[in-house]
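Right, one structure below, let's go through it.
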Amino acid sequence: MTNRTTARRGDVILLVGTRKGSFILSSDPTRRKWEMSELHNAGADVFHLAYDHRNAGRIFSASNYMIWGPQLEYTDDLGGAWTQSEVQPRFSGGDDQTVKRLWHIEPGRDAEPGVLYAGAEPASLFKSEDSGNTWHEIAGISQHPTREQWQPGLGGLCLHSIVVDPADSARMWVGASAVGVFGTTDAGESWTPLNKGVRADFNPGDRFPELGVCPHKVLSPRSSPGLLYQQNHCGVFRSDNGGAEWQDMTEGLPSRFGFVLGLHSQDPATIYVLPEDQALGEDVGGGQRYVTDAKFRVYRSRNAGQDWEPLSKGLPHQNAYLHSLREGMATDSLDPCGIYIGTTTGQIFYSRDNGDKWELLVDYLPPINSVDCAVVV
């Protein structure tokens, strides 16, 4: 292993956040042989890493340290050296609120090369306009009129999903647990709850509330702005109209519950999920939280969630008490598409052929929080 990956332009890199730091894995475009770096961000609970192709391949880490707290860090040389942002995400209203953990980093649009977004806990959104050196609060979320109604999920009151419309600089969406999806059409000045049609089975008083649903991951294909998918606590849902209405696409899956979601890089109608069991206390949100029937099966839909097929060739078929967190799946931009899944027991499984066959890429890592991937520019 080396501290800095030796990946070259055109190589695939896999960014892995774990409870003990992060790793960078790299391969040539065949994705057959992988090189792994040494541990980065040592001592941090790294919730997410993101590659910014607009800024010469700068990599960002959402690092949460036990002593120093949450820190945005970045490297310009694929892990050789790391720098902390000069001004970290902080609330603007004084000392009454503090950022507890950093959950997600999202590079902005190609037309805005210095813009990035960060999601945090308690549910909040931050923006950088200088390539991640300084950050400021987008108060329209943290001071939303419904804020007093927001309740945390089991993982906390976290904003974990950020989707920017690549064609419209004023439109974007966020997902927060256990609150819901919000959208803005005025660059973050105001936000509208967008949860019509989304179930909340853990809320017996109102199964379809405006707020109080629990998205686990929200994504949108870059080629189809306004087409949104979410893996929710209570099913898989799709919106064809920018979140105004959601359709339940769970029929055909062995469980409504799951965390990860993946989008095929060439086909916006092809998506991937990993159903998990939570038979214990399902109506109140508790449960076992491992793959359904202890069989590791990725489910693929080629028609935007209308039909599902299990993919299991090369994956463990029995006694697989494995669990993946919400950032645990990623897809690459190559053809055929590669899919990567990390587990809380330190394995990464991957497919080089759209999910038809799977291999174990690496084992014995610390518990994996996140997997992301990119092609080196």
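The values are calculated or read from the model by the stated rules, or taken from the named source; none is laboratory data. Note that the structure is predicted; figures quoted are calculated from it, not measured. Glycine gets a Cβ as well: all are built from the backbone with ideal geometry, and neighbour counts include every protein chain shown.
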The listed residue being under 23 Å from Lys217 (Cβ atoms) and either touching a residue at least 40 places away in the same chain (Cβ under 8 Å) or in contact with a His (Cβ under 6 Å, 6 or more places away or on another chain) (or both), out of Ala50, Ala56: Ala50
Residue under evaluation Gly243, criteria (1) in a loop (DSSP other than H, G, I, E, B); (2) surrounded by fewer than 19 Cβ atoms within 10 Å (Cβ to Cβ), criterion not met: (2)
In contact (Cβ under 8 Å) with a residue 12 or more places away in the chain, in contact with a strand residue (DSSP E or B) (Cβ under 6 Å, 6 or more places away or on another chain), in a loop (DSSP other than H, G, I, E, B) and surrounded by 15 or more Cβ atoms within 10 Å (Cβ to Cβ): is that true of Pro209 in this structure? no
The conditions are (1) closer than 19 Å to Leu361 by Cα; (2) free of Cβ contacts under 8 Å to residues at least 12 places away in the same chain, and Ser37 fails exactly one of them. Which is it? (2)
For Phe47, all conditions in the list (1) surrounded by fewer than 16 Cβ atoms within 10 Å (Cβ to Cβ); (2) within 18 Å of Ala123 (Cβ to Cβ); (3) aromatic (Phe, Trp, Tyr) hold save one; what is the number of the exception? (1)
In segment 116-143, which residues are at positive phi and either without any contact (Cβ under 8 Å) to a residue 40 or more places away in the chain or over 20 Å from the mean Cα position of the chain (by Cα) (or both)? Ser131
Within segment 18-30, identify whether any single residue is among the acidic types (Asp, Glu), farther than 24 Å from Glu129 by Cα and crowded, with 19+ Cβ neighbours inside 10 Å, and answer yes or no. no
Look at Ser255 and say whether it is modelled with pLDDT of 95 or more, more than 19 Å from the chain's Cα centre (by Cα), under 22 Å from Ile368 (Cβ atoms) and surrounded by fewer than 24 Cβ atoms within 10 Å (Cβ to Cβ). yes
Looking at segment 101-148, which of the residues that are in a strand (DSSP E or B) and small (Gly, Ala, Ser) is surrounded by the fewest Cβ atoms within 10 Å (Cβ to Cβ)? Ser128
Those residues that are charged (D, E, K, R) and part of a strand (DSSP E or B), I need them from segment 246-273; list them, please. Asp248
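Conditions (1) closer than 24 Å to Val179 by Cα; (2) at pLDDT 95 or above; (3) touching a Cys at 6+ places or on another chain (Cβ under 7 Å); (4) buried (at least 24 other Cβ atoms within 10 Å of the Cβ), marked per residue:
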residue: Arg238; (1), (2), (3), (4): yes, yes, no, no
residue: Gln266; (1), (2), (3), (4): no, yes, yes, no
residue: Glu276; (1), (2), (3), (4): yes, yes, no, no
residue: Gln288; (1), (2), (3), (4): yes, no, no, no
residue: Trp308; (1), (2), (3), (4): no, yes, no, no
residue: Leu315; (1), (2), (3), (4): no, yes, no, no
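Name every residue in segment 215-224 that is within 14 Å of the chain's Cα centre (by Cα) and part of a loop (DSSP other than H, G, I, E, B), in order of residue number.
Listed by number, the residues that qualify are Ser220, Pro221.
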Quick check on segment 77-87. Is at least one of its residues free of Cβ contacts under 8 Å to residues at least 12 places away in the same chain and either assigned to a strand (DSSP E or B) or buried (at least 21 other Cβ atoms within 10 Å of the Cβ) (or both)? yes
Pick from segment 56-76, criterion over 21 Å from Thr344 (Cα atoms) and touching an Asp or Glu at 6+ places or on another chain (Cβ under 8 Å), ranking: surrounded by the fewest Cβ atoms within 10 Å (Cβ to Cβ): Ala56
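When residues of segment 12-67 are filtered for being among the basic types (Lys, Arg) and in a strand (DSSP E or B), how many remain?
Adding up the residues that qualify gives 1.
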Odd one out for Ala374, checked against (1) within 18 Å of the chain's Cα centre (by Cα); (2) surrounded by fewer than 18 Cβ atoms within 10 Å (Cβ to Cβ): (2)
Limited to segment 220-245, what total is found for residues that are more than 19 Å from Glu276 (Cα to Cα) and of a type outside the set (Lys, Arg)? 15
For segment 310-345, what are the residues that are under 15 Å from the mean Cα position of the chain (by Cα) and of a type in the set (Asp, Glu)? Glu327, Asp332
